[in-house]
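Just so it is clear, none of the values below were taken in a lab; they were calculated from the coordinates. Not measured: the values here are computed from a predicted model. Quick reminder, even Gly has a Cβ in these numbers, built from the backbone with ideal geometry, and neighbours come from all protein chains shown.
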Amino acid sequence: MKYDFSSVEKKWQKIWDEQKTFRAEDDHTKPKFYGLVEFPYPSGHGMHVGHIKAYSGLEVICRKRRMQGYNVLFPIGFDAYGLPTENSAIKFGVHPRQITDENIVKFTNQLKSVGFSFDWSRVVDTTDEDYYKWTQWIFLKMFENGLVFRDKTMVNYCPSCKVVLSNEDSQGGKCDICHSDIIQKTKEVWYLRITEYADKLLQGLKEVDYLPNIKLQQENWIGKSTGAFVDFRIKEYDESLKIYTTRPDTLYGVTFMVIAPEHPIIQNHRDGISNIDALDEYKSECAKKSEFERTQLVKDKTGVKIEGLTAINPVTGKEIPIYISDYVMMGYGTGAIMAVPAHDTRDYEFAKKFGIDIIEVIKGGDISKEAYTGDGEMINSGELNGITNKKDAIAKMLNILERLGCGEKGVQYKMKDWAFNRQRYWGEPIPIIHCPNCGMVAVPYDQLPLKLPEVKDFKPGTDGESPLAKIDDFVNCKCPKCGGNAKRETDTMPQWAGSSWYFLRYCDPHNNSEFASKEALEYWMPVDWYNGGMEHVTRHMIYSRFWHKFLYDLGLVPTAEPYAKRTAQGLILGSDGEKMSKSRGNVVDPNDVVLEYGADVLRLYVLFMGDYEKAAPWQEQSIKGCKKFLDRVWALQDMVVDGNEYSDDLKSSIHKTIKKVSNDIENLKFNTAIAALMTLINEIYAKKSITKGELKTFITLLNPFAPHMTEEINELMGYDVPLSSTEWVSYDEAMCVDDTIEIVAQINGKVKCKAVISKDAPNDEVISLVKSDEKIIEATQGKSIVKEIYVPGKLVNLVVK
RNA sequence: GCGGAUAUGGCGGAAUUGGCAGACGCGCUAGAUUUAGGUUCUAGUGUUAAUUCGUGCAGGUUCAAGUCCUGUUAUCCGCACCA
């Protein structure tokens, strides 16, 4: 009987849909498991095989958890605000709402066609009024609590199109649309004070189970550094220039200072600077580069010396020049640095180019050739001379600075506050009103959601305004405080907003009075296991942890951390080994695979193709192996003999397979779990028969991977209870241990022969057995055995001379 | 430049974490079945004349290294020159 995957898969998908098989239960007394995958952005291209791989991992784990008796919440939704939708709306003149709805339908059908066991009653759509009402609500709570502020920033601006552009749309300093030169323009924008949570975000990592490299990336992103703030007196004025350094120990080696071109001290003393024109020109040249580009142009340091401002090194009392250069950023530290050319590569390059003194203060390198950044004995450093330990040197210097009253210990974070706005239509409107009398006023909570108004033209407004700015009905309003005429904020929130709390909404998605009820949150939170892409472990995860921690501080969520565990899957590359992309033309559409091979084969293949956590290229040929395997599983039905027991010659293998599959699934080692099932089926084929009980175990183990076929076999075997409600199989540890073991005999580490021994044979017996082997005798002839090593159950190694 | 990773047969990848390198799958070879092709089944398949050599490259530690250490090269991903 040939397997008709198409009709069988449709049959079971219909049953799951109609019987709501995978709904999370509201019974809060059962043990729960909350498995979360990153919800997709419903793009017009439809799903990507990468989505299938990303979801298949936790899919297998969630199906297994249900079989283990857990009440499982495995939700899905759509992160639907974003530029691509808006751009196609502009291009085709269709409302983004319509495009989004169409795409969501498309994605839903595709996800269902793969048979994912999502709880479809809890779908969340970030662009839904009932959802973004609460996104705005949380934003207002942050506003109330002083975490929202306005400040200036530099944005990529196209003077020809008169719009603000993203970094992506302004690569190479050219506008993506009209190809004219981008300039950096100052604009006042919204910020969320995420830096206030920097330390909490860092500390919180101690209590969660994330992969070590994920933790490391988050730590590096937060980037806590301890150092010192030091004040350098300006000779010409009664003021000082504050810098931040992580290496206060090198203060004696400071021979110049560098400040960011935008540093306010220049504006404050324009009259006293003789070469102000040159500085202005340099500054405007820098304005053409984005911050990222500034980081790229490391090859050649540029800068201009400020004529008219001289700093004084607080410890040596020497006068030192001040330069402006774009390798110093206004956005980190104080926008000014003390330069120690002998011990900092960037400062070294700069000093070489401008002919500035280089003073060695740490022994160990050759500063005539390059900067020495290692440790060593302090020299040329007054009181610090002779200290060899960096920590001690820093401590001593901090003492000196304190005594001189010109410096103190300081902590800096790389992390910047979160620029929380976009000048675009398709996003959550920021619920703030600008009143000429009262300033910034929150939209009252009872007026939420502040709905996105209907517009005809979604194009960005000119002069960097949002399209909403063109709608008078929306903009003009009354101030909720004083009742006077006021104007609404017209910026919308960035795409990251909606995804910063979606996991909370899943707990109670239809609640109209709260973002989620306390009971639901207390039962379901935290997320037990979150899996997603490596590209989201910094931004999305840090942003959402920040929102969650904020809500925790308000007592609105029960746990300090949202995600108890986080893993990440590797990319699926194209068959050419390159990243899949439209432009390379190597994209695989999961639909095609479902149509040609079936959903079970697709699911199996994405998990079998390689280590789940590593990137692997798509190989059309290899899919056939998975197809063949499932065909062999189907054909097992022709070999069934009666009996619910495991037969003697398969017993041990079955127990071992149960153990391996069970453990491998927990460790995301799906490829080896599947390989173990393949090995077992090879054994069954060699034997040409399988008992009913053995087959039942086999399809139970395979069910999370290939649910359609296994449910069908289960039904054909006459079982009333579907596998989805069947208990996961257990194994007997004693059955996994063999009575006899094969050990290896080595001479000087090279394998010479093998021997089969009983599992509890004493050491002496094993060694003498090995020594009596012909090959060993031959190899040891005329030589003396210097050492005998026996690793129980593994090998014997004889060292001979 | 900084940060994170990766490198094993013709290919995708295994290797219980220092103990038989190449599980499992693809591909390939031969045989069986089939009118033929496909499918399916069976056997073989790193390399070598070898008891040889073999996990990007060069060293080192060890009785024993894909695995640990030092250096190095290449590729991929992320980035905010992080002082």
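Brief remarks follow.
- Derived scalar couplings between HN and Hα for segment A:61-74 equal 5, 5, 5, 5, 4, 4, 5, 8, x, 7, 8, 9, 9, 10 Hz in order, rounded to whole Hz, by the Karplus curve 6.51 cos²θ - 1.76 cosθ + 1.60 (θ = phi - 60°), x for Gly and Pro.
- Basic side chains Lys and Arg get +1 at the Cβ, acidic Asp and Glu get -1 at the Cβ, and with that the dipole of segment A:579-711 about its Cα centre reaches some 380 debye.
- When the Cα positions of A:H51, A:T108, A:V94 are compared along the charge dipole of segment A:1-143, A:H51 comes out farthest toward the positive end, with charges on each C-beta of Lys, Arg, Asp and Glu.
- When Rg and the Kirkwood Rh are both derived from Cα coordinates, the Rg/Rh ratio for segment A:595-665 amounts to 1.05.
- Additional length obtainable on full extension of the chain from A:N512 to A:K318, 0.36 nm per residue less Cα span: 63.1 nm
- Loop GluC sites (Glu not before Pro), segment A:397-493 (other Cβ atoms within 10 Å of the site Cβ: 14 or fewer; DSSP): A:E454
- Its Cα centre serving as origin, chain A has a Cβ charge dipole (Lys and Arg +1, Asp and Glu -1) of approximately 780 debye.
- Once the C-beta distance of A:E596 and A:A278 is scaled by a Förster radius of 60 Å, the resulting FRET efficiency is 0.35 to the nearest 0.05.
- Contact order, relative form, for segment A:341-461: 13 percent (alpha carbon pairs under 8 Å, 6 or more residues apart, mean separation divided by residue count).
- By DSSP, the beta bridges lying fully in chain A are antiparallel in about 70 percent of cases.
- Long-range amide H partners of A:L573 with built H, under 5 Å: A:A616, A:W618
- Cross-link reach is defined here as a Cα-Cα straight distance under 20 Å, omitting same-chain residues fewer than 8 places apart; for A:K416 the aspartates and glutamates meeting it are A:D151, A:E168, A:E188, A:E196, A:D199, A:E219, A:E262, A:E291, A:E293, A:D326, A:E535.
- Separation of segment A:614-673 from segment A:507-545 is 34 Å, based on Cα centroids.
- Whole-number percent relative contact order across chain A, with pairs defined as alpha carbons under 8 Å at least 6 apart: 14
- Residue list for segment A:706-742, given a label point 7 angstrom along the Cα-to-Cβ vector of A:E683 and an amide N cut-off under 13 Å: A:732, A:735-739
- At most 13 other Cβ within 10 Å, DSSP loop - GluC sites (Glu not before Pro), segment A:309-373: A:E370
- Here A:D271 and A:D611 are evaluated by their C-beta separation; at R0 = 56 Å the FRET efficiency comes out at 0.30.
- The stretch between A:L573 and A:E733, if pulled fully straight at 0.36 nm per residue, gains 53.7 nm over its current Cα-Cα span.
- The loop-placed trypsin sites (Lys or Arg not before Pro) in segment A:627-692, going by DSSP, that have at most 13 neighbouring Cβ atoms within 10 Å of their Cβ come out as A:K688.
- Between segment A:400-432 and segment A:564-607, the alpha-carbon center distance in angstrom: 39
- Separation of the A:I15 and A:E774 label points, Cα + 7 Å toward Cβ, nm: 5.9
- 5 angstrom amide H check on A:T255, placed H, neighbours 5+ away: A:A339
- Mean projected area of the Cα convex hull of chain A, taken over all directions, amounts to 45.6 nm².
- Remark on A:N71: its backbone amide H falls under 5 Å from those of A:K32, A:F33, a criterion applied only to residues 5 or more positions apart or on other chains, H modelled at 1.01 Å from N.
- Hypothetical label at A:D375: residues of segment A:206-238 whose amide nitrogen lies under 18 Å (7 Å Cα-Cβ projection): A:226-227
- Pair A:E25, A:K363: separation of 7 Å Cα→Cβ label points (nm): 7.4
- Additional length obtainable on full extension of the chain from A:E102 to A:L216, 0.36 nm per residue less Cα span: 37.1 nm
- By the helix-only formula, in which each DSSP H run with n ≥ 4 contributes -39500 (n - 2.57) and the sum is divided by residues, chain A has a 222 nm mean residue ellipticity of -10500 deg cm²/dmol.
- Evaluating 6.51 cos²θ - 1.76 cosθ + 1.60 at θ = phi - 60° for every residue in segment A:23-35, the Karplus couplings come out as 5, 6, 7, 8, 6, 8, 9, 6, x, 10, 9, 10, x Hz, glycine and proline recorded as x.
- Whole-Hz ³J(HN,Hα) from phi, Karplus 6.51 cos²θ - 1.76 cosθ + 1.60, for segment A:618-625, glycine and proline x: 6, 10, 3, 4, 5, 4, 4, x
- Cα gyration tensor, segment A:470-513 - rounded (a/c under 1.5), prolate or oblate: prolate
- Spatially, segment A:757-801 and segment A:705-752 are offset by 34 Å when compared through their Cα centroids.
- Above-threshold pairs, the threshold being 29 Å between Cα atoms, out of A:K414/A:K487; A:K133/A:K481; A:K10/A:K518; A:K30/A:K565; A:K185/A:K470; A:K112/A:K518: A:K414/A:K487; A:K10/A:K518; A:K112/A:K518
- Ignoring lysines fewer than eight residues from A:K688 along the same chain, the ones with Cα atoms less than 18 angstrom from its Cα are A:K628, A:K651, A:K696.
- Positive-pole candidate from A:N71, A:G364, A:T245, dipole of chain A, charges at beta carbon: A:G364
- Whichever lysines have a C-alpha closer than 23 Å to that of A:K305, once near sequence neighbours (fewer than 8 apart) are set aside: A:K235, A:K242, A:K283, A:K288, A:K289, A:K318, A:K352, A:K353
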